[in-house]
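What follows is a set of notes on a single structure, which appears directly below.
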Amino acid sequence: MAEDADWARLRPRLGTSSTCASHLALARGILLLAFTWTNAVCGETNSQAKAAAEAQFDEGLALMKSGNLPGGCAKLESSQRVEPAIGTLLYLGECYARVGRSASAWATFREAASLASAANQLDRARQARLRATDLEPKLAYVKIVVPEAVLHLAGLAVLRDGDAVDLTLLGTSLPVDPGSTRIEVRAPGYEPFVNTAEIAPASRTDVEVPRLVASAPDTNKSEAERSSSGPLPIQYGALSNSPRLDTSQGNPGANQRTLGIVVGSVGLVGIGLGTYFGLSAMSKNSAAESGSCNSQVCQRAADLEKANSARRAASVSNVAFATGGAAVAAGLLIYWLVPRTAKVGWTAHPIVAQHVIALGIQGQL
């Protein structure tokens with residue numbers, strides 16, 4: 001299978017670019033000294049991933065040229081998962097098109113065009129858009145039509161070929177690869193609806209989902225099995241000889257002090273979470289910078305994802321630090337401003353349930 005001139009120009013496997021994360025100042029200032037080793041470790045990991053992706057890419061092209069298109073597509077898919085690249089997407093789209101997976105090819109070319117435009121790779125973007133346009137007349141569409149009564153069922157799940165379908169897309173014609181497609185509609189307490197439709201190229205198919213039928217009760221289960229299948233009801237005071245604690249006398253403000261300790265403890269947890277996400281942000285940002293990212297752009301999609309992930313982790317870290325600090329301050333304020341003449345009380349009693357023994361507390365501040 002010879003490559004034509006246009007596709008031969010697309011051989012280099014170059015990544016994408018985008019603006020990297022820029023608001024890691026707080027996490028960097030706190031945690032920079034703890035990550036002096038990250039660049040070397042991540043650099044080695046990136047090199048190994050790139051080598052594996054290149055090997056799978058070359059093997060995929062060899063399989064395509066030998067006529068083994070399904071095997072070639074599988075290798076290109078694996079290469080793209082390990083190390084995303086625009087060149088791989090273009091060849092993968094071509095492989096999908098040649099095995100008749102028109103919808104997959106169309107979506108892959110559109111993704112490649114978007115990434116190539118963002119990376120200022122205009123020739124690749126033009127090639128990808130042209131191939132996507134060529135495939136549009138061959139696309140097959142499926143529309144799943146669900147009654148309004150079924151849409152409002154609790155726990156409703158719609159699957160196509162085992163993959164969940166976003167419920168907001170129901171009633172919309174969606175591109176699919178030609179061949180058999182299996183539609184499943186499930187909801188707790190109802191019999192599932194299953195339909196297998198044969199999709200022809202360049203066709204439009206509507207799958208009408210009927211009202212679901214309520215499931216029949218299981219009459220084969222014995223009364224003893226039904227009674228033992230659920231959790232035991234919670235019983236208060238089940239331990240009749242257990243003491244009931246009462247601190248309503250001689251300890252004014254005890255509940256308020258307890259509340260202050262609890263609030264302060266939650267604040268410390270928030271600070272701990274802020275530290276964790278700060279560490280994560282520093283690690284991911286260092287990994288991105290050790291790859292193809294600089295202060296402005298990232299050259300590979302994998303590094304861009306690491307930079308974006310670092311930005312998100314840094315945002316969570318900042319919020320956790322601020323919230324945790326505020327909670328610690330509030331806890332201290334609550335603890336120290338206990339009214340000295342207050343008369344408060346609380347009681348404690350045991351709670352027993354299946355696999356659970358706990359202590360119930362009642363009272364007021």
### Summary
A careful count of residues in region 86-102 that are crowded, with 24+ Cβ neighbours inside 10 Å and in a loop (DSSP other than H, G, I, E, B) gives 0
### Query
Among (1) within 23 Å of the chain's Cα centre (by Cα); (2) assigned to a helix (DSSP H, G or I), which single condition is LEU135 missing?
(1)
### Message
Being touching a residue at least 12 places away in the same chain (Cβ under 8 Å), within 29 Å of the chain's Cα centre (by Cα) and within 22 Å of LEU139 (Cα to Cα) is the requirement here; does VAL150 meet it?
### Response
no
### Message
Can you pull out every residue in region 111-145 that is over 26 Å from LEU170 (Cβ atoms) and basic (Lys, Arg)?
### Response
ARG124, ARG126, ARG129, ARG131
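Is it fair to say ALA132 is in contact with a strand residue (DSSP E or B) (Cβ under 8 Å, 6 or more places away or on another chain), touching a residue at least 24 places away in the same chain (Cβ under 8 Å) and aliphatic (A, V, I, L, M)? It would help to see each step written out before you state the result.
Values: in contact with a strand residue (DSSP E or B) (Cβ under 8 Å, 6 or more places away or on another chain): no; touching a residue at least 24 places away in the same chain (Cβ under 8 Å): yes; aliphatic (A, V, I, L, M): yes.
It is false that ALA132 is in contact with a strand residue (DSSP E or B) (Cβ under 8 Å, 6 or more places away or on another chain), touching a residue at least 24 places away in the same chain (Cβ under 8 Å) and aliphatic (A, V, I, L, M).
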### Task
Being surrounded by 17 or more Cβ atoms within 10 Å (Cβ to Cβ) and not aliphatic (A, V, I, L, M) is the filter; apply it to region 122-151 and report the residue that is nearest to TRP106 (Cα to Cα).
ARG131
### Query
Within the bounds of region 273-285, is there any residue that is part of a helix (DSSP H, G or I), surrounded by 19 or more Cβ atoms within 10 Å (Cβ to Cβ), out of contact with any helix residue (DSSP H, G or I) (no Cβ under 6 Å at 6 or more places or on another chain) and at pLDDT below 75?
no
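Please tell me if ALA74 is of a type in the set (A, V, I, L, M), assigned to a helix (DSSP H, G or I) and closer than 27 Å to THR133 by Cα. Break it down stepwise before answering.
Details: of a type in the set (A, V, I, L, M): yes; assigned to a helix (DSSP H, G or I): yes; closer than 27 Å to THR133 by Cα: yes.
Yes.
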### Message
Here is a check on your reading of the model: is PHE57 under 28 Å from ASP177 (Cα atoms), aromatic (Phe, Trp, Tyr) and either at pLDDT below 50 or not assigned by TED's automatic domain parsing to the domain that holds ALA314 (or both)?
### Response
yes
### Task
Kindly indicate whether any position in region 223-234 is touching a Pro at 6+ places or on another chain (Cβ under 6 Å) and either surrounded by 12 or more Cβ atoms within 10 Å (Cβ to Cβ) or at pLDDT below 75 (or both).
no
### Message
Condition check: more than 24 Å from the chain's Cα centre (by Cα) and not assigned by TED's automatic domain parsing to the domain that holds ALA97. Does GLY155 satisfy that?
### Response
no
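Within region 173-189, track down each residue that is part of a strand (DSSP E or B) and either among the small types (Gly, Ala, Ser) or farther than 13 Å from VAL158 by Cβ (or both). So that I can check it myself, show each step before the final result.
If we filter region 173-189 for residues that are part of a strand (DSSP E or B), which is where we start, we get 174-176, 179-186.
Passing the criteria: PRO175, VAL176, GLY179, SER180.
The values are calculated or read from the model by the stated rules, or taken from the named source; none is laboratory data. Everything numeric in this text was worked out from a predicted model, so none of it was measured. Glycine also receives a Cβ, built like all others from the backbone with ideal geometry; neighbour counts cover every protein chain displayed.
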